[in-house]
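Shown next, in structure tokens, is the structure this report addresses.
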Amino acid sequence: MSILSPEQQQRAIGVMKDYLSAPKNPDGRAPVEVQLERDEKRKDTISSVLLPLVMDYLKGSVSIDDFKSQIDSINKRNEYWGFKGIKGQMFFNMVVNVASDPKEVGQELKSAITVPENEDIAASRIRTFSSYVKRLGEEHVTAGGTLYGRPKPSSIPFFLSYFWQLQNPKLWPVYYTNSVKVMKDLNIWNVSDDLSGDYIAFKHIHEELSKLFSDESGRDFGLYDVEHVFWFKGGNPFGGDKPLKKDGDEMPQELGQPDTESGLLPESYVPPIISIIPRLARNDTLLESAAKNSGTSIPRALEKSVDAAFTLLGYETKLLGQGQGRVPDGLAFDHDNLYAIIWDAKARGDRYSMGTDDRIIREYIVTQSRELRKKRNFRNIYYVVISSEFADDYDDAIRSLKMETDVSEVILLESTAIVAMVDAKLRSPQQLSLGPDGIQRLFTNSSVLNTEIVNEMLS
């Protein structure tokens, strides 16, 4: 019996067709080609490294600490699953770190990640491991630990299904946050508060879509392929992203804009002043006349939109920028968690290079950070640069800024990622805080921050 109605099936088929017919990316490969290549690498990584490691751990040949460390290392070198995020490696670390009984956590983990023989066993393992993780969290808080430091049971479906799929990729789909979000946006499924029931329903929908897509397209659609359709629809930047348009081409649909081609209403929570940020950051020449008619310029419009984004996220903001001398474009403050953000927005047709404005940036960071620490007693100050993309020459510049100024970290924030941050905040305004359990965690590592990382960390 079909789970999806005919209307839901047609919406899903429409996304599948968009994926299969998508034009080539700037590198000359279509999204389908990119994903096929990635799948081969993923299968090779599983057979040669990951599966032997999992089997050795389950047999007792590898300790839990070594297993955790090796899983982390492998996933950092092979970014095919998004496991290094909050629901994967970070959850794994939290579970092991807060567990007071090493023997018990080892037994619970081995039992949970062993591939289930059927759905009843899978649901039972999710429930059992969820009860264990809840108990760990309660004991951690009772012992004086923070709420932020306890592992969240909501991570369990992704965490366990990652290991299950490694052992049986044709039976168990990975419970990706992006897949859940896309199915919700397409109005084909909504989650409940039942983790085990949700995963089984998720599995059933993937199985139905696998057959539906295969019948409709005339090609084999496995669980990997269904996942790729959702990645494409969700705009994931790793592999299956929607291709960027070249200058002069019709612009791609931005978040928050109606999907006129498919005839669907927009599902994004993002307002137009935020959804336009990626185009402004690309210095899109098609916006020049609109900016001029509005009495502004693309760079200044970008600054105002980024300031609006930080405001919607919940920060106290101050827009500086043009006409105020050698200053950053803006500031954002979180007084509750005692940190501040010094930010600049760079509208560039090409990738922004950190070495372009090094000396000027260093000067005003020193000035601003000194004033912030003196007057407002902030513990952490982050320097954030927002642009469309970044050149790969940023390591030395970041190292220099951290050594010669008071900033804690330097974040290169891709324009699509700040839009994703606002979308996540507006979808869960009460649950997503500005503190270390929420948005602040995005700023704890000096590097490029893209949409995939934001979606994984804030899910």
* Of these, 84, 76, which one is free of Cβ contacts under 8 Å to residues at least 12 places away in the same chain, touching a Lys or Arg at 6+ places or on another chain (Cβ under 9 Å) and under 20 Å from residue 48 (Cα atoms)? -> 76
* Check the stretch 195-213 and report whether any residue there is part of a loop (DSSP other than H, G, I, E, B) and not basic (Lys, Arg). => no
* To do: Please enumerate the residues belonging to the stretch 165-184 that are assigned to a helix (DSSP H, G or I), touching a Lys or Arg at 6+ places or on another chain (Cβ under 9 Å) and either of a type in the set (A, V, I, L, M, F, W, C) or more than 20 Å from residue 20 (Cα to Cα) (or both).
  => 177, 181, 182
* Asked: For the stretch 264-278, how many residues meet the condition of being surrounded by 15 or more Cβ atoms within 10 Å (Cβ to Cβ) and either at positive phi or in a helix (DSSP H, G or I) (or both)?
  -> 5
* Asked: Considering only helices (runs of 4 or more DSSP H) fully contained in the stretch 39-113, which possess at least 2 residues that are more than 23 Å from residue 125 (Cα to Cα) and of a type in the set (Lys, Arg)?
  -> 64-77
* Structure fact -> Filtering the stretch 288-329 down to residues that are touching a Lys or Arg at 6+ places or on another chain (Cβ under 6 Å) and either surrounded by 20 or more Cβ atoms within 10 Å (Cβ to Cβ) or of a type in the set (Ser, Thr, Tyr) (or both) yields 313
* Scan the stretch 45-67 and give yes if some residue there is without any contact (Cβ under 8 Å) to a residue 12 or more places away in the chain and either within 24 Å of the chain's Cα centre (by Cα) or outside the structural domain of residue 103 (by TED's automatic domain parsing) (or both), otherwise no. => no
* Asked: Counting only residues that are polar (S, T, N, Q) and over 14 Å from residue 338 (Cα atoms), which one in the stretch 430-443 is surrounded by the fewest Cβ atoms within 10 Å (Cβ to Cβ)?
  -> 430
* To do: With respect to residue 408, determine if the residue is modelled with pLDDT under 90, small (Gly, Ala, Ser) and either surrounded by fewer than 20 Cβ atoms within 10 Å (Cβ to Cβ) or within 12 Å of the chain's Cα centre (by Cα) (or both).
  => no
* Consider residue 161 carefully, then state whether it is polar (S, T, N, Q), under 25 Å from residue 454 (Cα atoms) and in contact with a helix residue (DSSP H, G or I) (Cβ under 9 Å, 6 or more places away or on another chain). => yes
* Structure fact -> Note on the stretch 124-173: residues at pLDDT below 95, touching a Pro at 6+ places or on another chain (Cβ under 8 Å) and surrounded by fewer than 18 Cβ atoms within 10 Å (Cβ to Cβ) are 148
* Could you list, in sequence order, the residues of the stretch 108-123 that are among the charged types (D, E, K, R) and surrounded by 14 or more Cβ atoms within 10 Å (Cβ to Cβ)? -> 108, 110, 119
* To do: Under 8 Å between Cβ atoms, at least 6 apart or on separate chains: pull out the pairs that start in the stretch 122-147 with a residue that is closer than 22 Å to residue 162 by Cβ and end on any residue that is surrounded by fewer than 18 Cβ atoms within 10 Å (Cβ to Cβ) and aliphatic (A, V, I, L, M).
  => 122/200; 123/200
* Structure fact -> From the option list 339, 364, 383, single residue qualifying as in the same structural domain as residue 423 (by TED's automatic domain parsing) and in contact with a Phe, Trp or Tyr (Cβ under 6 Å, 6 or more places away or on another chain) is 339
* **Unmet criterion (only one of (1) over 20 Å from residue 404 (Cα atoms); (2) crowded, with 19+ Cβ neighbours inside 10 Å) for residue 342** => (1)
* Structure fact -> Checked against (1) modelled with pLDDT of 90 or more; (2) surrounded by 14 or more Cβ atoms within 10 Å (Cβ to Cβ), residue 66 satisfies every condition except (2)
* Asked: Tally time: how many residues in the stretch 393-442 are among the small types (Gly, Ala, Ser) and in a loop (DSSP other than H, G, I, E, B)?
  -> 5
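The values are calculated or read from the model by the stated rules, or taken from the named source; none is laboratory data. Because the structure is a prediction, the values reported are computed rather than measured. Note that each Cβ is placed from the backbone with ideal geometry, even for glycine, and that neighbours are counted across all protein chains shown.
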